[in-house]
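Read the figures in this text as sums done on the coordinates, not as results from a lab. If you're wondering where the values come from, they're calculated on a predicted model, not measured in any experiment. When we count neighbours, we look across all protein chains shown, and the Cβ atoms used for this are built from the backbone with ideal geometry, even at glycine.
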Amino acid sequence: MFARKARGDNFLVDEEREELMLTRRGSPPPTPEERSPLHTSFSMDDKEAVLTPPIPISVKDSWNFALLVVLYLLQGVPIGLAFGSIPFLLKSKMSYSQIGIFSLAHYPYSMKFLWSPIVDTVYSKDLGRRKSWIVPIQLLTGFMFLWLGVNIDHWMSQDQIAVGTLTAVFFVLIFFSATQDIAVDGWALTLLSKDNVSYASTAQTIGLNSGYFLSFTVFLAFNSPEFSNKYFRAIPQDVGLVPLGGYLKFWSMMYFAITLCLVFLKKEERPQTDQGEIGIKSVYKIILRIIRLPHMKSFMIVLLTAKIGFIANGAVTALKLLEKGFSKEDLALAVLIDFPFQIVFGYYAVRWSSGQRPLKPWLFAFFAHLVCCVVAMLIVASFPEDGVVTSTYFYMVLATTVATSFTSTVAFVSMGAFMTVIADPVIGGTYMTLLNTLSNFGGTWPRFFVLKAVDHFTISSCSLLNQDGEVFSCVTESGKALCQDLEGDCLIHQDGYYYTSTACVTVGAMLLVLYIAPTIRYLESLNPKLWKLPKEES
């Protein structure tokens with residue numbers, strides 16, 4: 001039934017299409033009944049789309065769904081460290097600009113489409129198309145975690161941390177995570193049945209969030225001496241229950257164990273045709289053809305600009321609370337309480353995204369997220385002057401955290417479900433990887449500039465003069481260290497956080513009203529057929 005069709009450079013892998021039909025360029029406008037259903041199937045005879053109602057995940061797919069959750073969880077562990085915990089641990093020794101340099105380690109996750117065709121086309125038939133990459137990448141990550149676990153506590157204890165070395169190490173880790181993501185995204189398109197393929201975004205939400213929060217929230221809480229002494233110890237100690245090195249060693253063992261189970265207990269179904277003939281060059285040509293689709297250009301602009309309004313809140317607000325005196329354990333506790341909400345939100349968000357307008361929840365979440373950014377900025381501004389965090393203030397931070405996470409989860413799942421439907425898996429997961437990469441890059445490229453802007457617009461000086469009798473700045477970490485050695489106080493005359501955050505929210509709101517909302521309404525009205533690569537004329 002399935003076969004690979006070749007027309008020049010256009011290789012069509014039918015078993016990975018889930019029997020979704022390509023349409024010719026110049027097709028008539030879609031009827032209202034054909035427009036963007038999340039569960040639409042197309043026959044091989046190019047019949048009209050038949051709308052089927054969403055159905056619960058089948059028993060057969062339950063184990064495969066659980067496997068996807070575990071694989072995405074492993075992916076979230078290094079991401080939670082690089083995007084969350086490490087910047088928090090570095091904040092006391094680095095400026096925002098230096099943390100901005102470390103944020104460059106995030107880039108592989110946002111550039112993975114550059115090597116996704118290689119992952120998609122080079123593999124071992126004996127091991128399996130996806131396991132050929134998942135297995136070695138997870139083993140390499142496990143060994144790297146083990147090596148880091150032996151050395152990182154010493155690195156982090158130094159007064160002057162080598163930010164370049166740390167950035168390079170985590171750059172490699174995120175590269176491994178991104179490569180695993182390419183393979184898992186591609187496997188998700190065939191691991192789940194056609195009726196349940198939209199649950200792949202739910203598995204990604206649950207797994208990534210679980211790994212991220214374990215490495216960020218849970219780890220920071222148990223790494224904190226104050227949290228450990230308050231809740232778990234009768235005799236206080238100067239270190240937390242879980243050191244960073246020990247945490248990395250634990251996950252190295254988990255990587256090894258799960259990978260071995262994957263090798264021996266899960267057999268990947270072998271494709272019925274030899275896909276090894278698909279050339280890498282052909283895959284890159286297909287990517288260019290995808291990018292050149294007229295409506296794809298508009299979608300790419302949306303993905304690359306949609307997160308500008310939120311980036312200052314996501315990158316700086318929590319660090320600013322810590323700077324003002326909010327304890328790490330209280331912040332970790334707030335996010336820990338938020339964690340079960342994330343799971344519930346992720347499960348139900350996919351249902352809200354089912355219907356004639358799958359991106360309608362995304363638009364509502366976009367507006368609500370902007371509101372949360374403004375509220376978070378006001379909460380930072382109202383931090384108690386005496387430094388004492390009251391229960392009322394803590395609950396305000398908690399409520400804002402939950403609300404922001406809610407908007408992020410709804411937006412993520414809604415966009416993910418939409419991408420799953422429109423993706424034309426001509427080359428496995430490369431189409432999905434391209435879309436996810438653009439979305440990730442939209443939240444990565446502004447981060448470095450936002451962190452730089454916070455320092456740029458901040459005016460701060462020490463209350464005491466230096467040895468030359470001059471006033472000196474406290475913006476850099478060297479200035480802060482000198483002021484501390486002189487037993488002075490750093491006085492902030494102008495906080496760049498408020499200027500930067502206000503600018504981001506303003507730009508985000510303008511983009512929403514003038515471009516993003518109208519474009520999204522147009523894109524979701526298109527028939528999913530129009531997102532597929534057109535057939536070449538014979």
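Brief remarks on what is shown
- Longest to shortest principal axis, alpha-carbon extents of the stretch 372-479, angstrom: 68, 38, 17
- Report note on the peptides 173-182, 316-325: ranked by the mean count of other C-beta atoms within 10 Å, highest first, their order is 173-182, 316-325.
- Stokes-Einstein translational diffusion, the stretch 182-243 - Kirkwood Rh over all Cα pairs, 1.567 mPa s, 4 °C, in µm²/s: 92
- Spread over its residues, the convex hull of the C-alpha atoms of the stretch 442-538 is 155 Å³ per residue.
- Column: log10 I(q)/I(0), Debye, Cα scatterers of the stretch 121-187, q = 0.15, 0.16, 0.29 Å⁻¹: -0.57, -0.63, -1.23
- Of the GluC sites (Glu not before Pro) in the stretch 215-322, the ones in a loop by DSSP (not H, G, I, E or B) with at most 12 other beta carbons within 10 Å are Glu269.
- Backbone amide hydrogens, once placed in the peptide plane, bring Val242 within less than 5 Å of Asn223, excluding anything fewer than 5 places away on its chain.
- Within the stretch 446-493, the GluC sites (Glu not before Pro) that combine a DSSP coil assignment with at most 15 other C-beta atoms in a 10 angstrom radius are Glu470, Glu487.
- Computed from backbone phi, the HN-Hα couplings of the stretch 478-491 come to 5, x, 5, 5, 5, 5, 5, 4, 7, 6, x, 10, 7, 9 Hz, rounded to whole numbers (Karplus: 6.51 cos²θ - 1.76 cosθ + 1.60, θ = phi - 60°; Gly and Pro given as x).
- Over all distinct Cα-Cα pairs of the stretch 201-337, the Kirkwood formula returns a hydrodynamic radius of 20.0 Å.
- The trypsin sites (Lys or Arg not before Pro) found in the stretch 183-234 that occupy coil by DSSP, while having at most 14 further C-beta atoms within 10 Å, are Arg233.
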